[in-house]
Amino acid sequence: MDTDELPIEAGMEEAEFINPDDIGEERVEEPMDEAAHHDMEQEEGESEGEQEAEEMNDEELDAIAGNNFASFNDHTDAVYAIALNPQNEDLAVTAGGDDVAYLWQTTTGAQLAKLTGHADSVVCCAFSQDGSLVATGSYDATVKIWRSDNGELVQSLEGPSQEIEWLSWHPKGNVILAGSGDGTVWMWLASTGQCMQVFSGHTQRVTCGAFSGDGKLICTGSEDSSAIVWNPKTGAQVHKFTGFNFHEGHVLCLATSEDHPLMLTGGEDGSAKLAHLEHGKIVGSFSNHDNSVESVGFCKHHPFLATAGLDGKINIWDYNTLSLRHTLTHEAGVIKLMWHMSEPLLYTCSMDKTLKLWDGRNASCMKTFTGHSDNVLDFGISRSGNMIASCSDDHTALVYFVE
């Protein structure tokens, strides 16, 4: 099926694809070089044996400080993923190790719908671009599509033989992409359940993937140390990056640029690679991590890239000069980063139980968000950037307001 003619839900405008822009000449240069419980002091009375002791954990202290303004506590296991509705920031979805997902209200933390039916951990979730649908992916090897307004099940998508690792919606229409532990990637029309394409070419787990910014290409990364660029019309490989000048271990994460034909990958080997999707060449290599790179991203309005790793470092790079601008740090491994949609501001979450907001221009930490009592596994930000919703191994999701 021609991707330019992907079926779109009634009421959505026909996709208008833009021609990707080149970024100039290719060049490859070397880049420049938990918190413990707080014990309250014990007060002893005049009489021997009289003693008043009080212990308060991090979450209780932060509640007093008013660090977060809403919480969702209905999960009974780790909350692995969270997303905010792009058209209605008062609506969130979370996915958990308790085999369920929930739709809930960010302003109050009230549950709106319990999404049941998966037979194993639900590890990823995402809203469609128009906000009408929400997808959940599970270790039971299925993807389920739900109405976001009432939680009604629309489709249960089957095909992969092993667990679902990630989900990605097409940027223009209600087409969903999912990567599996069996080395395949599947593309469905979400509203009907029609399988539009199966992409086979990886030999191990497909750990990450996304549509290109214009929706005309698909990019995937795998534990087989490769990244593949696919034609969604035919299912054929356009480019494959592997071997010399690429990652020496698992490819763990990737991001595509909204405005340029570029892909950024992060690997187990602690490096990141910048690839040109049209030319099929590696145009940049970045190495300033001491452990695996877990998350990468493009800044939309400045020529900045960011890489985050289990070494606790976030590196900000200039992709015009391929030089290192700043190194930021958490006290433990960084799991995810996201750039603000319209400003050079960077959000990160960490195994140190916090989230941070940084100014990518001068490396200043603008705010630290606390409240979780375990690893922060995922987060989403509103389009305006004034709201952050996070989830954690502590079974909770928290919502913060950014002043």
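Summary table below
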quantity	calculated
Residue under evaluation Ala83, criteria (1) small (Gly, Ala, Ser); (2) open to solvent by 10 Å² or more (accessible area, probe 1.4 Å); (3) more than 18 Å from Gly385 (Cα to Cα), criterion not met	(3)
Residues located in the stretch 213-252, provided they are exposed (fewer than 15 other Cβ atoms within 10 Å of the Cβ), within 21 Å of Glu165 (Cβ to Cβ) and among the β-branched types (Val, Ile, Thr)	Thr242
So Ser161, is it touching a Leu at 6+ places or on another chain (Cβ under 7 Å), among the hydroxyl-bearing types (Ser, Thr, Tyr) and modelled with pLDDT of 95 or more	no
Complete set of residues in the stretch 302-360 that are at pLDDT below 95 and crowded, with 19+ Cβ neighbours inside 10 Å	Tyr319
Tally of residues being part of a loop (DSSP other than H, G, I, E, B) and touching a Gly at 6+ places or on another chain (Cβ under 8 Å) across the stretch 233-245	0
Residues within the stretch 173-204 that are touching a Leu at 6+ places or on another chain (Cβ under 8 Å), open to solvent by 10 Å² or more (accessible area, probe 1.4 Å) and outside any strand (DSSP E or B), tallied	2
Residues of the stretch 288-307 satisfying the condition of being within 17 Å of Met263 (Cβ to Cβ) and not polar (S, T, N, Q)	Val293, Glu294, Val296, Gly297, Phe298, Cys299, Lys300, Pro303, Phe304, Leu305, Ala306
Given (1) in contact with a Pro (Cβ under 8 Å, 6 or more places away or on another chain); (2) open to solvent by less than 30 Å² (accessible area, probe 1.4 Å), number of the condition His260 does not satisfy	(2)
Selection within the stretch 109-128 - assigned to a loop (DSSP other than H, G, I, E, B) and buried (at least 18 other Cβ atoms within 10 Å of the Cβ)	Gly109, His118, Ser121, Ser128
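The values are calculated or read from the model by the stated rules, or taken from the named source; none is laboratory data. Please read all numbers here as calculations on a predicted model, not as lab measurements. Using ideal geometry, Cβ is built from the backbone for each residue, glycine included, and neighbour counts are taken over all protein chains shown. Only protein heavy atoms, including side chains, enter the accessible area calculation; ligands, DNA and RNA are left aside. Shrake-Rupley method; radii C 1.70, N 1.55, O 1.52, S 1.80 Å.
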